[in-house]
Structures are given as C-alpha cells and as structure tokens.
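S.K.: Below you will find the structure I want to go over with you.
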Amino acid sequence: MTTLTHRRKNITLATVFTVAGVLYCLISLVNHYLFKTYALDLGLYTHAMYDYTHFRIDDCGMFKMQPQSILSDHFDLYLVLLSPLIFVFGSYTLLIVQIVAVLLGGWGVYKLIGLYTENAWLPVLASATFFFSFGIIHPLAFDYHSNVVSAMMLPWLLYYLKKRQFKWASFLFVLIAIGKENMSLWLLFVAVALMWDYRKDKQALWHLVAYAVFAVVYFFVINMIVMPKLGGNGSGFARYAHLGSNYAEIFRNLVSHPWQTVEILFSNTSGFERNNGIKAEFYICALATGMVFTVLKPNYLIMLIPLIAQKMLAADGTFWGISYQYSVEFMPILVVSAFLVFSRIEKQLWQLVLAVVLLLSTVLTTFYTIGVPKSEVKLDQLCVYQKRHYEQKNFDVHYAYEVIEMIPEGASVTAITPFVPHLAMRDTIRSFGYIRRVDTEYVLMTKPYFEYERDGVLVLNNRDEYETVATDGTIYLLKRKAP
C-alpha cells in the first residue's frame, strides 16, 4: 500500500511537471515563433549576450541614438553568464533559460516543503500551486526578464538554509543579487524575515546578518555608484523619481508621510481612469493565491514589503497589476508561506483539504487573469486554449522567415519590434519604433511603418536611399542603394 501510494505520488509529480513544461513552451516558444516577442526586452537582451560573447558591453543602440551602457539601464550579470548559450539555442536562448528556471523553482518548492512535512502529497500540491499561479504564467507570455530567474532561486535558498548547507545558501544569495539592481534590496528583507525562524540557531543567524549587510552594501554600491558612473540611475529609478531625487530622499519622504504612503499603495495615482481598480485586483488575486495564509506566518510578510513598494509606488500604472513580470517575486513567498502554515496542522486530511482548496483557488485566479482582468493583458499571447494564440494576424509568418533568411549575417539592420529578437545576433540592430532616423544597410518592416513618425519627424525620411528587394505587400525588406 505504501509502495502504491509512493508510486502514485511520483506519477502525479511527473505529470505536474510535464503539464507545466508543455504549457510554458506553448506560451513562450510559440509566441516567439509567431513574432509575438519584442525588441524590448528579448531583442535587447539577446543582442547584449551577442555583444558579451564578443567581449563588448551593449551600448543600447537598438533603441537609443546616444550610446549608453546597458548595465546603466539594468545591472544584470546573468546575461554575461548565459551569453555562450546563444551559440546553441540562438534567439530562443533566454526563453528556454526562463522556462528551465521556473521548473527548477517549482522543484525547489517541492524539496523545501518536503523538509517540513511527512505528508508526501503536500510538496506535490505546493509545486502545482506554484506552477499554475498567475505570477508565474504571465511573465512567460512577455519575453524574458532576469528577475524571473532570480525569484526562482528563493525556494532553493530557503532549502539550503534549512539543511544548514551555508556554502550553497551563500552562493545562491549572491547569485540572486546579481540578477538585477533591485534584487539585493529584496534580499535584505528576506534575510531580516528569516532571522525570526533561525533566532535559536546562532550559526544560521550570523549568516543571515552577513547576508543582510552584503545586501545593503551591494544595493548602494551598484545603484548609487556603479550605475551612475556608467551613465545614469537606470530605468528602474526613473519609475520613482516623482517621490524624490535620490533613494535617500525617496525613503525620507515615504517615512515622514506614512498615511500618504499607505494611500498611494492602494489608490490610482496615475490620473488615468483605465487604472482604476488595478491595485485592488492585484491584492485580491494575491490573497487568492496564498497571501491569505501568509498572515499566519507573519515574518514572511516582511519579504513582501519591498515587492509591494516597488510595484505600487511606481509612476506607471502598468506595474501595478497582475500582468507581465511584475508579480513573479511574490509567488515563491506566497506559496511557500501558505504550505508552511499547512504543514503545521496536525491532521494530514486537513492539510490536504486546505492545499487542494488553495490549488483550485490559484488555478481559478489564473484563469480570471487571462480571461476578464482589469489590467492590461495581451490575451492572444496567453490563451493557449484558443486559436488566436497560434495566429499572427499582422503578417505572413512563413514569408517573414523567408525574408529574414535573405539578410546577410553581418549586415546592419533596422527592424520593427517583432522582428528584432530574430535578428539580434549581429553587430548592429536597431528597433524602428525607438529611433529617429534609419541609417542601416537593411530595413525590415511592415507597410504602415512607411508613414511612422517619431517626435513629429518621419523616421524613414530618407526613403529614396533604399530600394525594395522583397515584399508580399505587407512585409517590406529594403536595402540601401549602392553609392
């Protein structure tokens, strides 16, 4: 009987991982094949990796006319580490990395919860809840982002701390921090939160204190010294510039006006009616995905503080909702904290009942977020159960690939945003929608872009310098005429 139950559990676990993996591929890889990925951010990050393999730092020429180090925009060292993979997986590299990272994150959830319970089914249900939560599903529909990879390491960090394998925990702590310039701030709160759990373990506690110190130092060095030296405060800081001219001033303003800060966390501060209810929608979805149980493990709420702040204090309402990659860091915290609460319940039957209820609530919430959400969601990139997900309505996909094959590997190219990720592995690639003038050897675009203007000026105002070398009436490949 025990063997049969163990076998059933393993079959269920394998099924959960297989379904999740297939689902993620249907979302992410299909979107890329159908040109539903973009210059920002997949194209930019793929080109950055190409530059790293040639021992250069990307200058953001894809979308900026003035050179600027990509590390001043986002201090992301994963792209450096991952760059050799582009010679194996090409333009799909980062999407594959992201899918693998999420699956490993779910495996980490499974292993972690297994340390806290003898109920063999609880870890399986935990990983399933994690895999099918809206905060995991939505990022996969929108290109690649390193904060997704960073967030997937948190369960493993918690796992190795629990196992008292501090070398691995320390390695993961540093690895999470280098993923993006804001990850170290989150890690500070993670370390502080965990001090309660390990308050009686002096060795673990000293490691957590060291982690907290490292997080503070890393955050300030990168954000206040390195990134400004490289060319700016980064796009991340710009989202909060309305709160102060630097991080210290922002912190002072938020702390000195606590009630105003709380109001901002829940109200529409954008001035646009379309953003009404966006914040409330996120909070409700988060509660339905496990946060209602997180309050029963209150030290984990500390981990949510920087996540809620960076999400809800941003000037752009796009960040407030359930879509894109702006909720992914919440998921390991919500799911792990909920299942840690379940593991403390004496009767296994009640553990399973609550776990199944949370799983169902999570799945239903995810369906809501890809069905009728208030937030801006590109449904055709998520609805794998609908025909529109497998269609590209703007142009002929097969012809697009034929035209791309016609462009020499070493040629400089300006392309509209869906084509850029597929053309990013070259020295010069520019995104048509972000530049003011075309100056490359080739231009790949669709018909409406002949009339595209930026700052009131026609981008292709030098049309007479180019000749059409291929077109189907929708897609146009132009080549600069010989002098």
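FYI, it's all coordinate maths here, none of it is from the lab. All of these numbers come straight from a predicted model, not from anything done at the bench. All Cβ positions, glycine included, derive from the backbone under ideal geometry; neighbour counts span all protein chains shown.
S.K.: Using 7 Å Cα-to-Cβ label points, what is the Asn253/Ile11 separation (nm, one decimal)?
M.R.: Computed distance between label sites Asn253 and Ile11 equals 6.0 nm.
S.K.: Moving to a separate point now. Any idea what diffusion coefficient the range 293-378 gets from Stokes-Einstein, in µm²/s, Kirkwood Rh on alpha carbon pairs, 37 °C, 0.692 mPa s?
M.R.: Values: Rh = 14.5 Å.
In µm²/s, the coefficient rounds to 227.
S.K.: Turning to a different aspect of this structure: Considering all alpha-carbon pairs of the range 106-195, what whole percent are spaced by more than 17 angstrom? Walk me through the intermediate numbers first.
M.R.: Working: 2172 of 4005 pairs.
Percent of Cα pairs beyond 17 Å in the range 106-195: 54.
S.K.: Label point 7 Å out from Glu118 along Cα-to-Cβ: which residues of the range 345-365 have amide N under 19 Å?
M.R.: What the label zone holds, given the 19 Å backbone N cut-off, is 345-353.
S.K.: Under 5 Å between amide hydrogens, which residues at least 5 positions from Arg454 or on another chain qualify, with H placed 1.01 Å from N in the peptide plane?
M.R.: Val459
S.K.: Can I ask one more? To check you understand DSSP bridge types, tell me what percent of the beta bridges within the chain (both residues inside) are antiparallel, rounded to 5.
M.R.: On the way: 12 of 18 bridges.
Counting only bridges with both partners in the chain, antiparallel ones make up about 65 percent.
S.K.: How big is the dipole moment of the chain about its Cα centre under a simple scheme where the beta carbon of each Lys and Arg is +1, that of each Asp and Glu is -1, and everything else is neutral? Debye, nearest 20, please. The partial results should precede the final answer.
M.R.: On the way: 39 positive and 35 negative charges, 358 e Å.
About 1720 debye.
S.K.: Further question on the same structure: Counting Lys +1, Arg +1, Asp -1, Glu -1, what net charge surrounds Pro67 among other residues with beta carbon under 11 Å of its beta carbon? Write out the running numbers ahead of the final one.
M.R.: Numbers: positive: Lys64; negative: Asp58, Asp59.
The answer is -1.
S.K.: So what are the ³J(HN,Hα) numbers for the range 135-142, from phi and the Karplus equation (6.51, -1.76, 1.60; θ = phi - 60°), rounded to whole Hz, Gly and Pro as x?
M.R.: x, 8, 5, 5, x, 5, 8, 10
S.K.: Determine, for each peptide in 363-375, 130-142, the mean count of other beta carbons within 10 angstrom over its residues, then list the peptides with the highest first. Provide the component values of the computation, followed by the final result.
M.R.: Values: 363-375: 17.8, 130-142: 26.5.
Descending mean neighbour count gives 130-142, 363-375.
S.K.: Something else: Could you grab the relative contact order for the range 397-480? Cα pairs under 8 Å, six or more apart, rounded to a whole percent.
M.R.: Values: 132 pairs, mean separation 22.2, N = 84.
In percent, rounded to a whole number, it is 26.
S.K.: Which of the residue pairs Lys200/Lys347; Lys167/Lys297; Lys9/Lys311 have a Cα-Cα distance greater than 31 Å in the structure shown?
M.R.: Details: Lys200/Lys347 27 Å; Lys167/Lys297 26 Å; Lys9/Lys311 37 Å.
Over 31 Å Cα-Cα: Lys9/Lys311.
S.K.: Output the peptides 355-361, 61-67, 26-32, 458-464 sorted from most to least packed, where packing is the average of other Cβ atoms within 10 Å over each peptide's residues.
M.R.: Values: 355-361: 17.6, 61-67: 15.7, 26-32: 20.6, 458-464: 14.1.
My ranking of the peptides, most packed first, is 26-32, 355-361, 61-67, 458-464.
S.K.: So which aspartates and glutamates can Lys162 reach, going by Cα to Cα under 17 Å and dropping same-chain residues fewer than 8 places off?
M.R.: In chain and number order, the partners are Glu118, Asp197, Asp201.
S.K.: For Leu194, what is the net charge nearby, where nearby means another residue's Cβ is under 11 Å from its Cβ and Lys, Arg count +1, Asp, Glu -1?
M.R.: Numbers: positive: Lys162, Arg199; negative: Asp197, Asp201.
After counting each charged neighbour, the total is 0.
S.K.: Report, in deg cm²/dmol and to the nearest 500, the calculated mean residue ellipticity at 222 nm for the chain, where each DSSP H run with n ≥ 4 adds -39500 (n - 2.57) and the sum is divided by the residue count.
M.R.: Details: 22 runs with 253 residues, N = 483.
Roughly -16000 deg cm²/dmol at 222 nm, from the helical runs in the chain.
S.K.: Within the chain, what's the longest run with no GluC sites (Glu not before Pro) in a DSSP loop and at most 14 other beta-carbon atoms within 10 Å? Give the range, please. Before the final figure, lay out each step's value.
M.R.: Numbers: sites that count: Glu118, Glu346, Glu376, Glu391, Glu409.
For GluC sites (Glu not before Pro) (loop position, at most 14 other Cβ atoms within 10 Å), the longest site-free span of the chain is 119-345.
S.K.: On to the next question. In whole percent, what relative contact order does the chain give with Cα contacts below 8 Å and a gap of six or more residues?
M.R.: Value for the chain: 20 percent.
S.K.: Which option, (i) 0.99; (ii) 1.17; (iii) 0.96, is the value of Rg/Rh (Cα atoms, Kirkwood Rh) that was calculated from these coordinates?
M.R.: (i)
S.K.: Calculate the radius of gyration of the Cα atoms of the range 397-480 to one decimal place, then report Dmax, the largest Cα-Cα distance, as a whole number, both in Å.
M.R.: 11.7, 34
S.K.: Here is a further query. Hey, can you rank 310-322, 470-482 by average C-beta count inside 10 Å, highest first?
M.R.: On the way: 310-322: 19.2, 470-482: 15.3.
Top to bottom by mean Cβ count within 10 Å: 310-322, 470-482.
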